[in-house]
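Colleague: Pasting in a structure now, in structure tokens, and then I'll have a few things to ask.
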Amino acid sequence: MDTSMIIELVKGWEGSLVVRPGPGDGTPEVVWGDTFFYYAPDHVMPANRQPFATIVTKDYPGDHKSKLHREGLYRVNIHPGKNSFPEWAKNSTASPDSIDSIFAHPVYGDAGWLAVINPGTRTTSVVRVLLREAFDLDRNRYERRQLRKEEGND
């Protein structure tokens, strides 16, 4: 499963927004070349929410454990929610630089994020399920916020 397959999968879900920062769009250079996934039915990048998943292609400051500087590597980061995270995180013995293995995100694992470097034969089907769970969770949060706004409670 390469990055284009992941992007096309998520793009196919109604209300999804795929953001790919690059030069000239006002984003910091450190995020150029990476991909951010949101539930945003208006197709406007949310200013006050984290994405439900990302694809990163390089090590970030303070996040070097996955060793993404190695040729051809990328990491899919997914926030699947409190129901799925414990199941996968507790059963994983993978280190944060393991390829095609699910592990707690090396920086945001405590916040319930999972990660996979270069999903392959062992993890592709699970990554698809986790991405959908994360998308559905983000959509549900968005809809609850919209309802509160309509009711004047936000």
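Colleague: Once phi is turned into ³J(HN,Hα) by the Karplus curve 6.51 cos²θ - 1.76 cosθ + 1.60 with θ = phi - 60°, what whole-Hz value does each residue of segment 90-99 show in order, with x for glycine and proline?
Modeller: 6, 8, 8, 10, 6, 7, x, 10, 6, 8
Colleague: Then there's this: What lysines could a cross-link reach from residue 58, if we take a straight Cα to Cα line under 23 Å and drop same-chain neighbours fewer than 8 places away?
Modeller: 11, 67
Colleague: Another question about this same structure. Using alpha carbon coordinates only, what is the Rg to Rh ratio of the chain, with Rh defined as the Kirkwood radius? Please report the intermediate quantities before stating the final value.
Modeller: Details: Rg = 15.5 Å, Rh = 16.0 Å.
Across the chain, the Cα-based Rg/Rh ratio is 0.97.
Colleague: Using the crude model of +1 on Lys and Arg Cβ and -1 on Asp and Glu Cβ, and no other charge, please compute the dipole size for segment 3-150 relative to its Cα centre, in debye to 20. Working shown, then result.
Modeller: On the way: 19 positive and 18 negative charges, 65 e Å.
Here segment 3-150 has a charge dipole of around 320 debye.
Colleague: Which of the lysines could be linked to residue 90 by a straight reach, that is with a Cα gap under 18 Å, when you skip same-chain ones fewer than 8 residues away?
Modeller: Output for residue 90: 82.
Colleague: While we're here: How many Å³ per residue does the convex hull of the Cα positions in segment 64-154 occupy?
Modeller: 108
Values quoted throughout were computed directly from the atomic coordinates according to the rules given, and no laboratory measurement underlies them. Everything numeric here is computed off the predicted structure, so don't read it as measured data. Counting neighbours? That spans all protein chains shown, and the Cβs are built from the backbone with ideal geometry, glycine included.
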